[in-house]
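One structure is given below, encoded as structure tokens.
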Amino acid sequence: MVKEVLKNVFRIEVPLPRNPLKALNSYLIKGKSRSLLVDTGFNWPECKEAQINGLAHLAIDWSEVDFFLTHVHADHSGLIHELGTPESHVYCNQIDWDLLKASMSHNYWEQTKSFLLIHGFPVQDIGDQTVTIIDYISGTDVNCCFVRNEETLTVGGYNFVCIETPGHSPGHMCLYEPEHRFLFSGDHILADISSNITSWNDGNDYLGLYLQSLDRVYALDIKTVLPGHRGIIKDHRQRISELKHHHRIRLQEIKDLLRKSSMTAYEVASYMNWDVSYDSWQELSRYQRWFATGEAIAHLEHLCCRGEAVKDNQGSQVVFSLPL
């Protein structure tokens with residue numbers, strides 16, 4: 001499905017079968033000589049077909065298309081190698097591009113495995129992402145142009161400002177058009193679901209960074225938010241307030257759990273309330289428990305940064321507790 005949501009801005013609905021997100025909102029900004037495609041979809045035939053058909057519908061040649069990747073995750077970056085041409089420029093934050101390249105290596109996933117193990121994730125449930133990642137990401141050999149905070153991109157009669165919004169990923173970036181007051185938000189702000197905020201094993205407080213990024217976007221004059229998934233957002237400040245409230249509830253939920261005993265992040269995640277239907281924690285898929293544990297780690301680390309929780313080594317694992 002292709003729909004013009006603003007002048008010269010077309011939303012291409014990219015299906016994500018077998019994924020709870022259901023679809024990606026990819027956006028094509030149509031210019032006179034070159035156009036810009038924001039995010040791509042997984043390296044899956046269904047995603048590629050939607051993009052090919054979308055640009056055919058708009059009568060745009062792929063040799064005239066540049067790309068903007070909001071962040072590293074494969075549902076946003078996975079087709080970049082398949083769709084890009086020698087003439088294409090790919091704009092993104094270098095932090096996430098480096099992560100994308102690293103994720104294609106065995107060493108990266110071994111480090112991720114070690115990180116999950118120290119936080120209590122059962123070794124038999126982790127799996128080997130090195131094998132499956134190629135099914136999601138098509139490659140990294142493209143003409144990449146790194147953009148920084150407040151740099152501008154001009155296309156389709158618009159002047160876009162790059163806004164760094166770390167949190168959902170270390171180098172997440174939005175595109176803001178100040179004159180026409182709209183924002184491509186990627187996964188930074190979503191309408192009826194909350195973005196997964198996880199820890200990236202580099203010592204940063206990613207929930208803290210995410211909340212700061214929400215404040216940065218809250219201050220902008222925005223009429224329309226075009227997110228990476230689900231519906232368009234018309235009141236970004238109300239949605240940001242809802243998201244911040246959601247994380248306050250999450251933090252309090254975790255503090256209440258730690259009042260009972262010290263726990264690993266995996267144990268904390270197993271007791272948290274998740275918006276999926278299941279009778280027991282073990283019924284969740286490996287990937288659902290993986291993402292849930294990552295979110296628990298991010299919230300626990302944020303509590304530690306605020307002095308509201310402490311972490312200690314207990315054998316080969318890290319456990320969290322409330323301060324005495």
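When each of the peptides 32-42, 258-268 is scored by the mean number of other C-beta atoms lying within 10 Å of its residues, the order from highest to lowest reads 32-42, 258-268. All other residues whose Cβ lies under 15 angstrom from that of ARG34 are scored, Lys and Arg at +1 and Asp and Glu at -1, for a net of -2. Listed by chain and number, the lysines whose alpha-carbon sits under 21 Å from that of LYS255, ignoring those within fewer than 8 places in the same chain, are LYS244, LYS311. The share of C-alpha pairs in the chain whose separation exceeds 35 Å stands at 21 percent. Given the C-alpha centroids of the range 39-84 and the range 243-270, what is the distance between them in whole angstrom? Rounded to whole Å, the Cα centres lie 38 Å apart.
Relative to the 2.2 N^0.38 Å rule of thumb, the range 243-321 has a C-alpha radius of gyration ratio of 1.07. Entry note, the range 243-321: relative contact order of 39 percent, from Cα contacts under 8 Å with a spacing of 6+ residues.
Computed per residue of the chain from DSSP H runs no shorter than four, each worth -39500 (n - 2.57), the mean residue ellipticity at 222 nm is -10500 deg cm²/dmol. Note on the range 31-73: Cα-Cα pairs beyond 15 Å make up 46% of the total pair count. Dipole orientation for the range 243-321: of the candidates LEU258, VAL268, GLN282, LEU258 has the Cα lying most toward the positive pole (charges on Cβ; Lys, Arg +1; Asp, Glu -1).
Between amide H atoms placed 1.01 Å from N, distances below 5 Å from VAL5 occur with PHE10, ARG11, all of them 5 or more places distant or on a separate chain. Counting only residues at least eight positions apart within a chain, or on another chain, the aspartates and glutamates with an alpha carbon under 19 Å from that of LYS101 are ASP39, ASP75, GLU82, GLU110, ASP128, ASP135, ASP141, ASP202. Normalised by the number of residues in the chain, the average gap of Cα pairs under 8 Å and 6 or more apart makes the relative contact order 14 percent. For the chain, the share of DSSP beta bridges that are antiparallel, to the nearest 5, is 70%.
At an R0 of 30 angstrom, the distance between the Cβ atoms of PHE291 and LYS260 translates into a FRET efficiency of 0.80.
Can you figure out the FRET efficiency of HIS180 with ILE232, using R₀ = 25 Å and their beta-carbon distance, to the nearest 0.05? Here the calculated transfer efficiency is 0.95.
Every number here is computed from the coordinates shown, using simple stated rules; none is lab data. This one's a predicted model, so the numbers in the text were calculated from it and none came from an experiment. Methodologically, a virtual Cβ is constructed for each residue, glycine included, from the backbone with ideal geometry; neighbour enumeration extends over all protein chains shown.
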